[in-house]
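A quick write-up on the structure given underneath.
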Ligand SMILES: Cc1cc2nc3c(=O)[nH]c(=O)nc-3n(C[C@H](O)[C@H](O)[C@H](O)COP(=O)(O)OP(=O)(O)OC[C@H]3O[C@@H](n4cnc5c(N)ncnc54)[C@H](O)[C@@H]3O)c2cc1C
Ligand code: FES
């Protein structure tokens with residue numbers, strides 16, 4: 001189909017599904033992992049892409065909300081049959097989601113957005129703040145050759161190692177550490193109150209890693225905007241390539257409403273508004289006008 005919205009990753013290929021919840025379990029403070037069946041979506045989605053979620057048969061809230069792919073769920077025969085998302089309870093939608101039970105239904109559309117560009121770097125350095133770790137289990141598994149994503153399955157160069165620098169308010173908000181350990185990701189943690197790992201910001205960990213790295217690396221980052229801005233600045237000083245996944249609030253998710261725009265510079269250094277939902281959410285950090 002001709003792309004009517006002049007965006008590379010327009011939502012032309014997204015499909016909408018009414019899905020059943022399989023699990024919805026608390027995994028950390030105010031944080032839940034929600035699993036739903038959606039074979040068509042699960043077969044096509046790639047790391048860093050997202051889905052829009054709405055409560056079926058309910059118009060409050062009326063708009064869907066975006067959630068990153070945490071991971072796809074495989075059947076016994078290895079076919080992708082479902083999706084996991086991990087969410088932090090923040091407002092109306094996530095509070096209502098947290099009360100939902102297995103068997104209840106959601107309206108979900110996707111896959112949406114561009115996702116992270118696979119990198120040939122030997123060392124993948126993932127930097128997450130708050131709930132920003134959610135895109136990274138899929139990224140790490142793909143980079144370590146444990147899983148393939150997309151239809152047809154896409155090729156991703158292998159990384160020799162993957163490190164997650166993960167900053168949270170305190171230890172009770174750290175979610176999914178066991179998932180990252182199972183994948184073989186090296187974990188470095190920081191907390192604002194010092195209750196786990198480094199007492200301070202995740203950006204302190206990043207400075208240390210960049211100063212001591214011996215191998216070519218690629219930084220991927222997701223989290224609150226002030227933290228991503230700081231990560232972009234540190235990577236710029238260190239000459240380290242960095243992709244950021246913006247968590248701009250979205251209304252439609254499919255490129256129509258322009259509620260999700262961010263200022264992004266082109267190769268000539270001129271900035272323009274880009275729609276995070278169809279031209280992102282992942283951008284080269286050096287291109288963002290923070
Ligand atoms: C591409 C993308 C992927 C995302 N992936 C995840 C994910 O995997 N897990 C997850 O928990 N969240 C994720 N988010 C954020 C998530 O969409 C919001 O937390 C959610 O919309 C909140 O909905 P709500 O109705 O509970 O809160 P609302 O009632 O909509 O908002 C509550 C408060 O949070 C503020 N708020 C809403 N959205 C955001 C935002 N994106 N950033 C900062 N403040 C916000 C509002 O201004 C308000 O003050 C993602 C966002 C984007 C754009
Ligand atoms: S959310 Fe509507 S254009 Fe991006």
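For region 123-287, the normalised intensity computed at q = 0.08 Å⁻¹ comes to -0.24 (log10 of I(q)/I(0), Debye sum over alpha carbons, equal scatterers, no solvent).
Assuming 0.36 nm per residue, please report the length gained on full extension of the stretch residue 208 to residue 289 beyond their Cα-Cα distance. Working shown, then result.
On the way: separation 81, 0.36 × 81 = 29.16 nm, distance 2.54 nm.
The residue 208-residue 289 span can extend by a further 26.6 nm.
The simple Förster model, with R0 at 35 Å and r as the Cβ-Cβ distance, assigns residue 160 and residue 30 a FRET efficiency of 0.50. Sorting 208, 155 by the number of Cβ atoms found within 10 Å of their own Cβ, with the fewest placed first, yields 155, 208.
The orientation-averaged shadow of the Cα convex hull for region 8-146, equal to a quarter of the hull surface, comes to 9.1 nm².
Using C-alpha pairs under 8 Å with a sequence gap of at least 6, the mean separation divided by the residue count of region 230-290 gives a relative contact order of 37 percent. Show log10 I(q)/I(0) for region 96-194 at q = 0.25 Å⁻¹, two decimals, from a solvent-free Debye sum over equal Cα scatterers. Relative scattering, expressed as log10 I(q)/I(0), comes to -1.27.
FRET efficiency for residue 236 and residue 201, Cβ-Cβ distance as r, R0 = 22 Å, nearest 0.05?
Values: r = 17 Å, r/R0 = 0.79.
That pair, residue 236 with residue 201, gives E of 0.80.
Size descriptor for region 184-244, Kirkwood hydrodynamic radius: 12.3 Å (Cα pairs only, one decimal).
Maximal additional length on extending the residue 37-residue 63 stretch stands at 7.2 nm, based on 0.36 nm per residue less the C-alpha distance. Distance between the C-alpha centres of region 226-269 and region 43-86: 22 Å, rounded to the whole angstrom.
The slack between residue 95 and residue 257, meaning 0.36 nm per residue of separation minus the straight C-alpha distance, is 55.8 nm.
For region 89-133 and region 176-193, what is the centre-to-centre distance using only Cα atoms, to the nearest Å? Each part's Cα centre sits 17 Å from the other's.
Entry note, the chain: the mean residue ellipticity at 222 nm calculated from DSSP H runs of n ≥ 4, each adding -39500 (n - 2.57), is -5500 deg cm²/dmol after division by the residues and rounding to the nearest 500.
When the square roots of the Cα gyration tensor eigenvalues are ordered a ≥ b ≥ c, the ratio a/c for the chain is under 1.5, which makes its shape rounded. Rounded to 0.05, the FRET efficiency of the residue 193 and residue 77 pair, given R0 = 41 Å and the Cβ-Cβ distance, is 0.35.
Read-outs: derived from the displayed coordinates by stated rules, not from any lab. It should be emphasised that the depicted structure is a prediction, and the values quoted were computed from it without experimental measurement. A quick note on method: Cβ atoms are made from the backbone with ideal geometry, for glycine too, and the neighbour counts reach across all protein chains shown.
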